[in-house]
Each structure stands twice: as C-alpha cells, then as structure tokens.
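Shown next, in structure tokens, is the structure this report addresses.
The values are calculated or read from the model by the stated rules, or taken from the named source; none is laboratory data. On a predicted model such as this, the values are computed, not experimentally measured, just so you know. All Cβ positions, even for glycine, are placed from backbone atoms using ideal geometry, and neighbour counts span all protein chains on display.
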Amino acid sequence: MEPFDERNQRAFGYDMYSEPVRRAAMDAALRDTAHALKGSCRQIGAVRMATLSEQLQRRSEAGATAAEVKSLLDEIEMQFALVQNTLKDKGHSG
C-alpha cells in the first residue's frame, strides 16, 4: 500500500468484513470475478479451473465462509499453475 504513511499503516489489519456495506461490495466483487474467470477458463479449455470457479461463484452467492473461499482460491491457484505450464508447453506466451 503506497504511500506507506501513517494513514495507510492504520489500514493494515482492518477487517473489511466488519462493515456490512463493504462486505456486500467485496462479496459482489468475488462473485463477479469468479463468474468472469469461469467463462475465460471455459474458452481456453481449462475445465477443472472453470469448475472450481463456478463452485466459488455459487458458494459466494450462498454466503461462503472465509475458510471455504480460501480453500477454493488455493485450489484455483494450483490449477492456474498447471494451466499456465500447459500453455507454455504448447508454445503460448504468458
């Protein structure tokens, strides 16, 4: 977070979910991002990553816990590494 001044230092450790309006905005951003990622994954044939993205979208719509979200994001990150390596092996830049 730049600049690393006193004002921004106070933001570290702040629980964004502690305020209902911010929580709703963050939940909406998660849903929208998961939806977009799902579509992109399907377009390039990354089926497992698309499935995980769809699960993330649906669970976020149902009010997933932070632990559920983190678990799915960890799986998506692992799949991303596999997809990225596959694309590199096929000669696609990334």
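All of Ser60, Ser71, Ser18, Ser53 fail the test of being of a type in the set (Ser, Thr, Tyr) and in contact with a Cys (Cβ under 8 Å, 6 or more places away or on another chain), apart from Ser53. None of Arg59, Arg42 is more than 11 Å from the chain's Cα centre (by Cα), at pLDDT 95 or above and either surrounded by fewer than 14 Cβ atoms within 10 Å (Cβ to Cβ) or not in a loop (DSSP other than H, G, I, E, B) (or both) except Arg42. For residues that are touching a Leu at 6+ places or on another chain (Cβ under 9 Å) and β-branched (Val, Ile, Thr), scanning just region 5-48, find the one that is nearest to Val83 (Cα to Cα). Looking at residues that are touching a Leu at 6+ places or on another chain (Cβ under 9 Å) and β-branched (Val, Ile, Thr), I get Ile44. Restricting attention to region 73-94, the residues being more than 19 Å from Ala36 (Cα to Cα) and either of a type in the set (Phe, Trp, Tyr) or not in a helix (DSSP H, G or I) (or both) number 4.
When region 60-94 is filtered for residues that are without any contact (Cβ under 8 Å) to a residue 40 or more places away in the chain, within 24 Å of Ala25 (Cα to Cα) and not acidic (Asp, Glu), the ones remaining, listed by number, are Ser60, Ala62, Gly63, Ala64, Thr65, Ala67, Val69, Lys70, Ser71, Leu72, Leu73, Ile76. With respect to Lys70, determine if the residue is at pLDDT 95 or above, assigned to a helix (DSSP H, G or I) and under 27 Å from Tyr17 (Cα atoms). Judged against the criteria, Lys70 is not a match.
Beta carbons closer than 8 Å, at least 6 apart along the sequence or on distinct chains, never pair a first residue in region 43-59 that is more than 16 Å from Glu77 (Cβ to Cβ) with a second that is polar (S, T, N, Q) and surrounded by 13 or more Cβ atoms within 10 Å (Cβ to Cβ).
Return a yes/no flag: does region 49-60 have any residue that is in contact with an Asp or Glu (Cβ under 7 Å, 6 or more places away or on another chain), more than 16 Å from Phe80 (Cβ to Cβ) and of a type in the set (Gly, Ala, Ser). Yes: region 49-60 contains one or more residues that are in contact with an Asp or Glu (Cβ under 7 Å, 6 or more places away or on another chain), more than 16 Å from Phe80 (Cβ to Cβ) and of a type in the set (Gly, Ala, Ser).
Considering each residue of region 1-39, count those that are surrounded by 13 or more Cβ atoms within 10 Å (Cβ to Cβ) and out of contact with any Phe, Trp or Tyr (no Cβ under 8 Å at 6 or more places or on another chain), and give that number. Steps first, please.
As a first pass, look at region 1-39 and keep what is surrounded by 13 or more Cβ atoms within 10 Å (Cβ to Cβ): 22-23, 26-27, 30-31, 33-35, 37-38.
Of the ones still in play, those that are also out of contact with any Phe, Trp or Tyr (no Cβ under 8 Å at 6 or more places or on another chain) are 22, 27, 30-31, 33-35, 37-38.
Matching residues across region 1-39 total 9.
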